[in-house]
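One structure is given below, encoded as structure tokens.
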Amino acid sequence: MSAPVASLAVLSHAARCRTHCPYCAYQCGVVMSQPGGGAWTVAGDPQFPVNNGQLCIKGWTAAELLGNPERVTTPLMRTTAGKLAPAAWGEALDFVADGIRRIRAEHGPEAVGLFGSGALTNEKAYLLGKFARLAVGTPHMDYNGRFCMSSAAGAGNKAFGIDRGLPFPVSDIADAEVILLVGANSADTLPPIMQWFDRQKANGGRLIVADPRRSATARTADLHLPVTPGSDLALANGLLFLAIEERLIDEAYIASRTVGFDAVRSAVLTYDPPRVERITGVREAALRTCVRWLAEAEGAMILTGRGPEQQSKGVDTVLAFINLALALGKVGRPASGFGTLTGQGNGQGGREHGQKADQLPGYRLIEVDAHRAHVAKVWGVDPASLPRKGKSAYELLDSLGPDGGIRGLLVMGSNVAVASPHAGNIINRLKSLDLLAVCDAFLNETSAEADVVFPVYQWAEEEGTMTNLEGRVIRRRAAAASPPGVRGDIDVLRELATRLGAGDKFAFHSAPEVFEEFRRATAGGTADYSGITYDRIDREEGVFWPCPAEDHPGTPRLFAERFHHADGKAKFHAVTHRPAGEEPDADYPLYLTTGRYKEHYNSGAQTRLVSTLAAAQPRPRAQLHPHLAARLGAERGSVLVLETRRGRAEFAADVSHDVRQDTIFVPFHWGGRGAVNLLTNPALDPTSRMPEYKVAAVRVAAVRPPTDQEVPA
Ligand code: SF4
């Protein structure tokens, strides 16, 4: 067993430090330095083989978060006058622990909820899940990754028996002959990944992009399929129909490596090109070109993003694309296969280690007795004492307050007031809580409703591991000293657990200490990290899970020989198109879809504080086609008042030919009147419980000129 604590001491608070960007799942390597002992700077790390020194604008400017004047540096407690005011750590911790104890005594442990984040390190995600089950004793623990990755995860588990976003390193992209990218605008969301697409193109490869918008990524494509929002499943089935009709499927591969194709063959029989063209808006010629390019390539990849996943049929939609990849015989071959591009910084690791309502560490399941027994043994408790499965993220948030049954909530690193669908409902529910405690580095729309805010370390001040979108486990290193008064999330959990009578299970003072127990908890699980050490990560530029022993090389590529089901085969699933939870009608005649700007990350709680990013994208704009704008009497900069059945919000008009005439696109990085999630539909996927962020029916209730304050600078 290695001794990571010693090696950390050398790196902590160094004037130059290799670590990783605070934001997305690409987890670019950065080199932080402090020239002359002044302000920290961030540069791309040329040694890290994923980004090779490249960063996007968010990474370049991330150092501005350190020393930011908006930083919370003391615990805050709500006064009787209703304001958040500075408090001592002991007072704030006592208040929250007393509140949890009181709620438990009066209403039972199920009346306390925990909400985590795909931005937490593996150590913190693990510890928060353990805290929910052992210190609080509640089943209601979920996290914002449910809003991001759960449909892809559900489909991967069903088809392959394992959920790892990319089953190969990103560098394989360069060698793929053809790539179909579905609902992913990587040029804006993961800019440094485009170096691999550029190499692919330079190698003679082709890129196909399916997206309702002519996005920055679609503009680089050889073929753009402008799908109607919510119709991706029909697109996939239509492509498979053509593959069968044109005898492009790989019968030998299907026979030797898969099960269940006959049912899928029957299910796609009705997806003839005229029908698919009617549903998706994609012309037959484009469908035929797409499937021929994919089938004829030796190595072809299908990669999905949030477009097909954030739907009330997200799991089935991803399964439909997996069906296509399997039928063409592409999965498990070199520079070929199916993958999904994870979004949040630790979106991959965050969904493996017990933050989900149905899960225990190592991707074990909380309802499986053998899984409960393994984890209970590591934790030193009776398996029967572990709670069962709890509520999923939206259902948990929708249960806050006296009528929902969850009266106390601890939120760690998630801005649910902006990020949740039907956000107006969630804000009201946050207000109705008996106790809301938030751990964060900055105030945001969620902590605005809190009774207590615990100020915690941010990215460059803490140690830990993250797992990037390839399944590569990497080191987050402490470069900068935290401001006085700030503590780590690990410290908050230890102190609360002690006050709740479970201190002996949470006696951790550092991430490496947590990691050692975490490794044992994952041993033998699907996501087995037991062979990974901090030293190995340093030596090897990350280690890919599963890695069941210290002499195991890790697993950069999955599926070359077998899939993770017991029989070693991939499973086809017969899936059929169905309408979105809400389709345009006479009252709400347009599609609303949502996404990201390259300058902002998720709810914008961090990036809106970075001056360069705020100046580049100061507010959300509603993108609409010039024909629609003309019909509405809107022009660039007009204020559009958008309404759905759940709420109303206002945006500046961004008139562009890059969006379909029946669709309005709005980014989701803002709260207040510009919060698009006031409008989005919480219709949930039946398997993943993913809300339908990507499709809602909307109307333009009013168009008005901007006020002096609203005119963009
Ligand atoms: Fe890299 Fe993502 Fe950070 Fe941009 S936001 S620098 S793509 S990790």
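Throughout, read-outs are computed from the coordinates displayed, never taken from laboratory work. These numbers come from a predicted model, not from an experiment. Heads up, the Cβs are rebuilt from the backbone with ideal geometry, glycines too, and the neighbour counts pull from every protein chain shown.
In order along the range 418-424, phi translates into HN-Hα couplings of 9, 7, 7, x, 6, 4, x Hz, rounded to whole numbers, per the Karplus curve 6.51 cos²θ - 1.76 cosθ + 1.60 with θ = phi - 60° and x for Gly and Pro.
Near Ala622, the amide H atoms lying under 5 Å from its own belong to Ala652, Ala653, Asp654; only residues 5 or more places off or on other chains count, and H is placed 1.01 Å from N. For Gly337, the residues whose amide H sits under 5 Å from its own are Ala300, Met301, Ile302, ignoring neighbours fewer than 5 places away on the same chain, with H placed 1.01 Å from N. For the range 656-713 versus the range 199-258, the inter-centroid distance based on Cα atoms is 27 Å.
Dimensions of the chain from C-alpha coordinates, computed as largest minus smallest value along each principal axis and given longest first, are 68, 64, 56 Å. Residues in the range 588-602 carry Karplus couplings, in order, of 10, x, 10, 7, 10, 9, 10, x, 10, 9, 5, 7, 10, 10, 6 Hz; the curve used is 6.51 cos²θ - 1.76 cosθ + 1.60 with θ = phi - 60°, and Gly or Pro positions show x.
Separation of the range 404-477 and the range 530-579, taken as the distance between their Cα centroids, equals 29 angstrom. Once the gyration tensor of the Cα atoms in the range 322-479 is diagonalised, the equivalent ellipsoid follows with semi-axes of 31, 22, 20 Å, ordered largest first.
Hey, with R₀ at 30 Å, roughly what FRET efficiency would Ala39 and Lys431 work out to, going by the Cβ-Cβ distance, to 0.05? My answer for the efficiency is 0.20. Using the Kirkwood radius built from alpha carbon pairs, what does the Stokes-Einstein equation give as D for the range 238-306 at 25 °C and 0.890 mPa s, in µm² per second? Translational diffusion coefficient: 187 µm²/s.
Taking all Cα pairs closer than 8 Å and separated by 6 or more residues, the relative contact order of the range 358-480 comes to 14 percent. Using the Karplus relation 6.51 cos²θ - 1.76 cosθ + 1.60 with θ = phi - 60°, the per-residue 3J(HN,Hα) values for the range 396-405 come to 5, 5, 6, 9, 6, x, x, 6, x, x Hz, with x marking Gly and Pro. Computed over the alpha carbons of the range 437-558, Rg followed by Dmax gives 16.6, 49 Å. Could you grab the relative contact order for the range 538-647? Cα pairs under 8 Å, six or more apart, rounded to a whole percent. Relative contact order here is 10 percent.
With the simple spin-label model, which puts each label point 7 Å out from Cα in the Cβ direction, the Glu541 to Lys377 separation comes to 3.8 nm.
From least to most packed, judged by other beta carbons within 10 angstrom and beginning with the fewest, Ser447, Ser399 follow the order Ser399, Ser447. From largest to smallest, the equivalent ellipsoid semi-axes obtained for the range 8-65 from the alpha-carbon gyration tensor read 18, 13, 10 Å.
Cross-link list Lys124/Lys571; Lys356/Lys431; Lys431/Lys694; Lys58/Lys569: which exceed 32 angstrom alpha carbon to alpha carbon?
Lys124/Lys571; Lys58/Lys569
Counting other C-beta atoms within 10 Å, which of Met77, Met32 has the fewest, and how do the rest follow? Ordered from fewest to most neighbouring Cβ atoms within 10 Å, Met77, Met32 come out as Met77, Met32. Backbone amide hydrogens, once placed in the peptide plane, bring Asp398 within less than 5 Å of nothing, excluding anything fewer than 5 places away on its chain.
Each eigenvalue of the Cα gyration tensor of the range 590-704, multiplied by 5 and square-rooted, gives one semi-axis; in descending order these are 21, 20, 12 Å.
Cβ crowding within 10 Å ranks Glu582, Glu251 as Glu251, Glu582, fewest other Cβ atoms first.
In the chain, helical runs assigned H by DSSP with n ≥ 4 each contribute -39500 (n - 2.57); averaged across all residues and rounded to the nearest 500, the mean residue ellipticity at 222 nm is -8000 deg cm²/dmol.
Set against the 2.2 N^0.38 Å expectation for a compact globular protein, the range 150-340 has a Cα radius of gyration ratio of 0.92. DSSP assigns beta bridges within the chain; of those with both partners inside it, close to 45 percent run antiparallel. Take the Cα radius of gyration of the range 1-144 and divide it by 2.2 N^0.38 Å, N being the number of residues; the result is 1.37.
Could you give the Stokes-Einstein D for the range 103-231 in µm² per second, using the C-alpha Kirkwood radius, 25 °C, 0.890 mPa s? It diffuses with D of about 138 µm²/s by this estimate.
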